[in-house]
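Supplied in structure tokens, the structure appears directly below.
The values are calculated or read from the model by the stated rules, or taken from the named source; none is laboratory data. No experiment lies behind these values; they were computed from the predicted model shown. Glycine gets a Cβ as well: all are built from the backbone with ideal geometry, and neighbour counts include every protein chain shown.
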Amino acid sequence: MIPHKQLSLADIFTDCQNKFDNDKYEFLELLDQTIDLDEIVPVSFVSHFHAATGRPRKHQLYPMLKALLLQRIFSIPTDSLLILFLKYSQELREFCGFDVVPDASKFTRFKQDFLPDLQSMFDQMVDLTEPICQTINPSLASMTIFDTSGIEAWVTENNPKYLNRLIKQLKVFKHSHGLDDSYDPYKAAYASMSPHAATNPAIQQMYINGHFCYSYKFGLVTNGLGIVRDITFYNQDFLKAHPNIVVQKKSDSPDEDKSLADSKALIPVLTDFFNKHPLIHPKTFLGDSAFDTIEIYHNLFHTLHFEKAFIPLNGRLSLPNSDCPLNEYGIPCCPKDPKLPMTREGSKTHLRCGLPTMKFVCPKMKWKWNSSTRKSKRICECEDPCTSSSCGRMFYVYPKKNLRAYPGTARGTEEWDTTYKIRVNVEKSINHFKDSFCVAGRKTQNEKTSHADLLLAGIAQLVTVMVADKIHKHQYIRSLKPLIA
């Protein structure tokens, strides 16, 4: 006789929870209820897809898009594996709407033929998700973060043996000629490497994450939430429109060459982004030290109308016609003791010209209360004062006259340290695109296919934002994986 077991409320809850976590069909129903392709697919995309081609299309637009989105959400690395899942899963076929599963060439041709339409779809979804980001966190949504990276192509030069053989030969050359340590085989290898792959000049030699590779370069713009706002693929059309961006090898340092190329790409990328999205008005820019140039600060504040820029210094600061030196954070120091920073006191101006100022006072100045006048007075307690004033030295800085020293905020403060840490979100998004959305490791040399894969990764992230908003679970705006398993 089979013994009976009394089910408790905890057992019932556990069973339901396991069903929710492990039943992929439940997740597909959730996507089906929350994703409205009529809302996110531009009319121009539909018109282009259904244009007369001489024969009817065997596979429709929405099923193809759903399959490619599922590939990113489920982190399916190859098209062949996606096709295998579709063939053996009735639920996936029903969700996509396939009667017959397409072959690999159909997916590749779809990406290449409708690349401009995928771009317009991505741009439309950026506008649709902007109000959601503003609702989640207006402060983070008003930030703009920019960084560049690359998609490694399937070429011979990316084989580790290619570079290792070259470095080994240069080490033998150094040893045989008795060269000293000033000769660096790794820098010599970089200088001798071809600037592009032999099979395709568009696949440029780059230095990414500490290693050499031949890649298609792209720029990524996110907000403070880490949600993608713009993707710029550095193809020939973009480079022809912005000829100043291309930087060939100028030195034996790959880091310096990359910084120079990134600094030239920033303003054109942001200008194109704001032209496409005139209703998006971020106030704060975050970037690495590659953007620490006077020209970039001028363009960020005067052309693109940012109010603050958090960019680390890439060199020393100085104030013209001033005897107060600046430390590494741009804070004026005592003229007689450069290691003693002055104390900031207020930011408002009382000048007739109306220019905003930052006021710094002597660090040895103290406020003392006078009981007879019932007022406080400044008293400088410095043993070797640099001024005859009893209040001590006061120094006024005009941020708009020196944006590099004072980019809308003071360096070295708690606000600076807290805000600049947010810049890591753009690097997290790039890694998320490459790993979770399987942009990296694709065995292709085709430029259009790589570009389309990158746009589809961006579309998948924006779909994630819309789904998380509709189910009122904003903690999933970056990934829906917790809802899958």
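Taking the range 204-245 only, how many residues are touching a Gly at 6+ places or on another chain (Cβ under 9 Å) and assigned to a loop (DSSP other than H, G, I, E, B)?
So the answer is 1.
Oh, and also: Any residue at all in the range 66-79 that's of a type in the set (D, E, K, R) and over 28 Å from the mean Cα position of the chain (by Cα)?
There is no residue in the range 66-79 that is of a type in the set (D, E, K, R) and over 28 Å from the mean Cα position of the chain (by Cα).
Using the structure shown, decide if Arg442 is basic (Lys, Arg), surrounded by 17 or more Cβ atoms within 10 Å (Cβ to Cβ) and touching a helix residue (DSSP H, G or I) at 6+ places or on another chain (Cβ under 9 Å). It would help to see each step written out before you state the result.
Details: basic (Lys, Arg): yes; surrounded by 17 or more Cβ atoms within 10 Å (Cβ to Cβ): yes; touching a helix residue (DSSP H, G or I) at 6+ places or on another chain (Cβ under 9 Å): yes.
So Arg442 passes the test.
Might you check whether a residue that is more than 27 Å from Asp435 (Cβ to Cβ), among the aliphatic types (A, V, I, L, M) and either within 30 Å of the chain's Cα centre (by Cα) or not in a helix (DSSP H, G or I) (or both) occurs anywhere in the range 85-103?
Within the range 85-103, one or more residues are more than 27 Å from Asp435 (Cβ to Cβ), among the aliphatic types (A, V, I, L, M) and either within 30 Å of the chain's Cα centre (by Cα) or not in a helix (DSSP H, G or I) (or both).
Looking at (1) more than 19 Å from the chain's Cα centre (by Cα); (2) at pLDDT 90 or above, which is the one condition that is false for Pro332?
Unmet for Pro332, out of (1) more than 19 Å from the chain's Cα centre (by Cα); (2) at pLDDT 90 or above: (2).
Please go through the range 26-41 and pick out each residue that is outside any helix (DSSP H, G or I) and surrounded by fewer than 16 Cβ atoms within 10 Å (Cβ to Cβ).
Going residue by residue through the range 26-41, those that are outside any helix (DSSP H, G or I) are 35-36, 41.
The one that is outside any helix (DSSP H, G or I) and surrounded by fewer than 16 Cβ atoms within 10 Å (Cβ to Cβ): Asp36.
Determine whether the range 127-135 contains at least one residue that is aliphatic (A, V, I, L, M), in contact with an Asp or Glu (Cβ under 9 Å, 6 or more places away or on another chain) and not assigned by TED's automatic domain parsing to the domain that holds Glu29. Don't jump to the end; show me each part of the working.
Narrowing the range 127-135 to residues aliphatic (A, V, I, L, M): 128, 132.
Subsequent filtering for residues that are in contact with an Asp or Glu (Cβ under 9 Å, 6 or more places away or on another chain) retains 128, 132.
Then keep just the ones that are not assigned by TED's automatic domain parsing to the domain that holds Glu29; that gives 128, 132.
Yes, some residue in the range 127-135 is aliphatic (A, V, I, L, M), in contact with an Asp or Glu (Cβ under 9 Å, 6 or more places away or on another chain) and not assigned by TED's automatic domain parsing to the domain that holds Glu29.
If a residue must be among the hydrophobic types (A, V, I, L, M, F, W, C) and surrounded by fewer than 20 Cβ atoms within 10 Å (Cβ to Cβ), how many such residues does the range 77-100 contain? Give the steps one after another, and end with the answer.
As a first pass, look at the range 77-100 and keep what is among the hydrophobic types (A, V, I, L, M, F, W, C): 81-86, 92, 95-96, 98, 100.
Those still in the list that are surrounded by fewer than 20 Cβ atoms within 10 Å (Cβ to Cβ) too: 81, 83-85, 98, 100.
Total meeting the criteria: 6.
Every residue in the range 104-146 that is outside any helix (DSSP H, G or I) and either touching a Phe, Trp or Tyr at 6+ places or on another chain (Cβ under 6 Å) or crowded, with 21+ Cβ neighbours inside 10 Å (or both), please.
Taking the range 104-146 as the starting set, the residues that turn out to be outside any helix (DSSP H, G or I) are 114, 137, 142-146.
Selection gives Met143, Thr144, Ile145, Phe146.
Working only within the range 178-201, note down all residues that are outside any loop (DSSP other than H, G, I, E, B) and either in contact (Cβ under 8 Å) with a residue 60 or more places away in the chain or on the phi > 0 side of the Ramachandran plot (or both).
Of the range 178-201, the ones outside any loop (DSSP other than H, G, I, E, B) are 185-192, 196.
The answer is Lys187, Ala188, Tyr190, Ala191.
Which of (1) among the basic types (Lys, Arg); (2) in contact with a helix residue (DSSP H, G or I) (Cβ under 6 Å, 6 or more places away or on another chain); (3) not in a loop (DSSP other than H, G, I, E, B) is the odd one out, the single condition Arg378 does not satisfy?
For Arg378, the exception is condition (2).
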